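These notes are about the structure you will find just below.
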Amino acid sequence: MIAIGSDHGGFELKEEIKKYLLQKGYEVKDFGVDSPTSVDYPDIAKTTCASIVSGECEKGILVCGTGIGISISANKIHGIRAALCGDCYSAKMAKEHNNANVLALGGRVIGPNLALEIVEAWLNAEFQGGRHQNRIEKIHMLEC
Ligand code: RB5
């Protein structure tokens, strides 16, 4: 199950990504927003990421205007490794090296076609483990 959430700045792109994932046969749980009404992105990061930390969802995609506020918020939550990506190489590396369990995107920064390619690159990549696992453990030791 893929959790997905956005604020108003990411609403349109979130809807595009959700439609795409459903068409591809993925199971998606949408944590809103359901309209472009203004909300605070930390609230969406909190509910979306809670579903990942609890194990209800395996991974998540978060979108705000730039992807910055929502990724900063997500990375405050213990157990979350959110990667803000604007290109496919970074998205692939975010999974292979960082085992990012959240992909963050900027709805006002990138267009839908690039966004969907980034989503694909992240979903299709595999964590490489080994020395990267040790580094991830060190990341989580920074949590306080
Ligand atoms: C909302 O206007 C905007 O600030 C938000 O979507 C995001 O870009 C923040 O980082």
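The values are calculated or read from the model by the stated rules, or taken from the named source; none is laboratory data. The model shown is predicted, which means the values in this text are computed figures rather than measured ones. Please note: Cβ atoms are built from the backbone with ideal geometry, for glycine as well, and neighbour counts cover all protein chains shown. The area values use the complete protein model at the heavy-atom level, side chains included, leaving out ligands, DNA and RNA. Shrake-Rupley method; radii C 1.70, N 1.55, O 1.52, S 1.80 Å.
Assorted remarks:
- Sorting VAL63, VAL28 by accessible area puts them as VAL28, VAL63; the probe is 1.4 Å, largest comes first, and only protein heavy atoms count.
- With Cα atoms, 0 to 90° folded angle of helix 41-53 axis to the chain main axis: 50
- The dipole here belongs to segment 1-65: it is taken about the Cα centre, uses +1 on the Cβ of Lys and Arg and -1 on the Cβ of Asp and Glu, and is about 200 debye.
- Highest-fluctuation residue, LEU116, LEU62, LEU13 considered, GNM on the chain with Cα pairs under 10 Å: LEU116
- Net charge dipole, the chain: roughly 380 debye, given to the nearest 20, about the Cα centre with Cβ charges of +1 for Lys and Arg and -1 for Asp and Glu.
- Environment charge at CYS85 (Cβ cut-off 13 Å; Lys +1, Arg +1, Asp -1, Glu -1): -1
- Residue with peak Gaussian network fluctuation, the chain [Cα springs, cutoff 10 Å], from GLY130, GLY60, GLY79: GLY130
- Where TYR89, TYR41, TYR20 fall by accessible area, highest first, once all protein chains stay in place (1.4 Å): TYR89, TYR41, TYR20
- Cross-link reach is defined here as a Cα-Cα straight distance under 16 Å, omitting same-chain residues fewer than 8 places apart; for LYS76 the aspartates and glutamates meeting it are ASP40, ASP43, GLU137, GLU143.
- GluC sites (Glu not before Pro), loop per DSSP, at most 11 other Cβ atoms within 10 Å - longest free stretch of the chain: 57-125
- Calculated [θ] (222 nm, deg cm²/dmol) that DSSP helices of n ≥ 4 give over the chain, each run adding -39,500 (n - 2.57): -14000 deg cm²/dmol
- Close amide H contacts of CYS57 (hydrogens built in the peptide plane, cut-off under 5 Å, sequence separation of 5 or more or a different chain): ILE52.
- Rolling a 1.4 Å probe over the protein heavy atoms of the chain, with every protein chain left in place, gives an accessible area that is 52 percent carbon and sulfur.
- Normalised by residue count, the chain yields a Cα convex hull volume of 92 Å³ per residue.
- Counted charge near ASN99, where neighbours are those whose Cβ lies closer than 15 Å (Asp, Glu -1; Lys, Arg +1): +3
- Of ASN101, ILE136, GLY65, farthest towards positive along the dipole that unit charges on Lys, Arg, Asp, Glu beta carbons give the chain: ILE136
- Normalised per residue, the accessible area of the chain is 51 Å², obtained with a 1.4 Å probe and no contribution from ligands, DNA or RNA.
- Residue-by-residue Karplus 3J(HN,Hα) for segment 122-129, coefficients 6.51, -1.76, 1.60, Hz, glycine and proline x: 6, 5, 8, 7, 10, 5, 8, x
- Anisotropy class of segment 31-74 from Cα gyration tensor, a/c 1.5 cut: prolate
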